[in-house]
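A quick write-up on the structure given underneath.
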Amino acid sequence: MLDSKIDSVLKRIEEQEKFEQENPYKIPNSEKVLAIGRNTGIFYNILLKSMDAKKILEIGMSLGYSTIWFAEAISKKTGGKIITIDQDKKKIELAKRNFEDAGLSDFIDIRHGDALEVLLDIKNESNSSESFDFVFIDADKERYIQYFDVLFPMVKPGGLIGADNILFPERFQKFASLYVKHVRNNPKIRSVTLPIDNGEELSLKLT
Ligand SMILES: C[S@@+](CC[C@H](N)C(=O)[O-])C[C@H]1O[C@@H](n2cnc3c(N)ncnc32)[C@H](O)[C@@H]1O
């Protein structure tokens with residue numbers, strides 16, 4: 001069972017997203033939750049627990065829905081940490097409140113800024129090489145390939161890279177298929193598309 005504080009924050013965000021979907025013109029796109037689906041959250045949570053993940057990097061946090069599913073998987077373990085990136089200050093404020101209400105703030109390091117620049121900063125930090133067990137890509141779809149190329153050396157051999165919106169919405173399909181082709185051309189990657197919610201590309205770094 002999920003901790004009651006975590007469960008209530010997840011449900012609060014889900015309700016907010018449902019309202020947005022039912023009233024698409026009431027909230028500007030820049031303020032929308034745009035979170036992964038609940039099944040996707042559960043899927044990654046199970047995966048992270050089973051692989052005993054300790055270090056996670058997320059590109060595209062929004063209000064922190066996915067981050068909470070990741071943090072719940074590592075929060076009871078010592079040394080677990082999530083770095084999550086977003087460029088939107090308002091969303092960061094809302095996400096901080098969600099993490100506090102869920103009791104997960106201690107595990108989450110929010111980095112504000114353009115994802116590519118922040119990624120390059122993280123890459124320059126000591127201990128970044130082959131250090132992440134799991135990286136999740138869910139920001140601007142047209143830059144997934146650039147993100148992948150920068151983050152790939154930071155993933156541990158045996159680590160995983162997940163990417164959202166591989167199947168839906170349709171307007172992202174061009175970028176998604178280029179991304180899928182790109183990762184599958186890498187001889188150090190084994191990769192599959194999972195038809196959960198908006199579609200996940202799950203890629204294992206082999207060596
Ligand atoms: C789809 S939402 C992320 C949803 C989140 N992963 C979840 O499932 O709860 C995408 C987020 O990426 C952020 N974003 C888009 N382009 C970005 C960029 N170039 N640098 C940093 N953040 C970016 C947006 O502000 C937005 O909050």
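All conditions but one from (1) surrounded by fewer than 18 Cβ atoms within 10 Å (Cβ to Cβ); (2) more than 12 Å from the ligand (Cβ to nearest atom) apply to residue 113; the one that does not is (2). For residue 85, indicate whether it is open to solvent by less than 10 Å² (accessible area, probe 1.4 Å), near the ligand (Cβ under 8 Å from one of its atoms) and either more than 24 Å from residue 199 (Cα to Cα) or in contact with a helix residue (DSSP H, G or I) (Cβ under 8 Å, 6 or more places away or on another chain) (or both). So residue 85 passes the test. Among the residues of segment 92-118, just one is over 23 Å from residue 73 (Cα atoms) and touching a residue at least 40 places away in the same chain (Cβ under 8 Å), namely 115.
Out of segment 155-180, which residues are part of a strand (DSSP E or B), open to solvent by 10 Å² or more (accessible area, probe 1.4 Å) and not small (Gly, Ala, Ser)? Break it down stepwise before answering.
To start, the set of residues in segment 155-180 that are part of a strand (DSSP E or B) comprises 155-163.
Narrowing the set further to residues that are open to solvent by 10 Å² or more (accessible area, probe 1.4 Å) leaves 156-158, 160.
The answer is 156, 157, 160.
Tallying residues that are open to solvent by 30 Å² or more (accessible area, probe 1.4 Å) and free of Cβ contacts under 8 Å to residues at least 40 places away in the same chain within segment 193-207 yields 2. For segment 1-34, the tally of residues that are free of Cβ contacts under 8 Å to residues at least 24 places away in the same chain, under 19 Å from residue 71 (Cβ atoms) and aliphatic (A, V, I, L, M) stands at 1. Restricting segment 116-127 to residues that are within 18 Å of the chain's Cα centre (by Cα) and open to solvent by less than 90 Å² (accessible area, probe 1.4 Å), the residue that is farthest from the ligand (Cβ to nearest atom) is 123.
Report yes if residue 90 is under 19 Å from residue 110 (Cα atoms) and touching an Asp or Glu at 6+ places or on another chain (Cβ under 6 Å), otherwise no. So residue 90 does not fit the description; no.
Considering 143, 190, which residue is in a helix (DSSP H, G or I), out of contact with any Asp or Glu (no Cβ under 6 Å at 6 or more places or on another chain), of a type in the set (Lys, Arg) and open to solvent by 40 Å² or more (accessible area, probe 1.4 Å)? So that I can check it myself, show each step before the final result.
Numbers: 190 fails: in a helix (DSSP H, G or I).
Only one candidate passes the filter, namely 143.
Put simply, of 62, 66 the only residue that is open to solvent by less than 20 Å² (accessible area, probe 1.4 Å) and touching a Lys or Arg at 6+ places or on another chain (Cβ under 8 Å) is 62. Checking the structure you have, find out if any residue of segment 43-57 is under 25 Å from residue 3 (Cα atoms), out of contact with any strand residue (DSSP E or B) (no Cβ under 6 Å at 6 or more places or on another chain), of a type outside the set (Gly, Ala, Ser) and within 12 Å of the ligand (Cβ to nearest atom). The answer is yes, given that some residue of segment 43-57 is under 25 Å from residue 3 (Cα atoms), out of contact with any strand residue (DSSP E or B) (no Cβ under 6 Å at 6 or more places or on another chain), of a type outside the set (Gly, Ala, Ser) and within 12 Å of the ligand (Cβ to nearest atom).
Residues satisfying the criterion are absent from segment 23-41 (criterion: touching a Gly at 6+ places or on another chain (Cβ under 9 Å), buried (at least 19 other Cβ atoms within 10 Å of the Cβ) and more than 24 Å from residue 193 (Cα to Cα)).
Among residues of segment 36-50 that are touching a residue at least 60 places away in the same chain (Cβ under 8 Å), those with a beta-carbon under 6 Å from a residue that is acidic (Asp, Glu) and crowded, with 16+ Cβ neighbours inside 10 Å at least six positions away or on a different chain give the pairs 36/164; 37/197; 39/197; 40/197. Just one of (1) over 24 Å from residue 169 (Cβ atoms); (2) touching a Ser or Thr at 6+ places or on another chain (Cβ under 7 Å) fails for residue 67. It is (1).
The values are calculated or read from the model by the stated rules, or taken from the named source; none is laboratory data. These numbers come from a predicted model, not from an experiment. Cβ atoms come from the backbone with ideal geometry, glycine included; neighbour counts cover every protein chain shown. Protein only, heavy atoms only, side chains kept; ligands, DNA and RNA dropped before computing areas. Shrake-Rupley method; radii C 1.70, N 1.55, O 1.52, S 1.80 Å.
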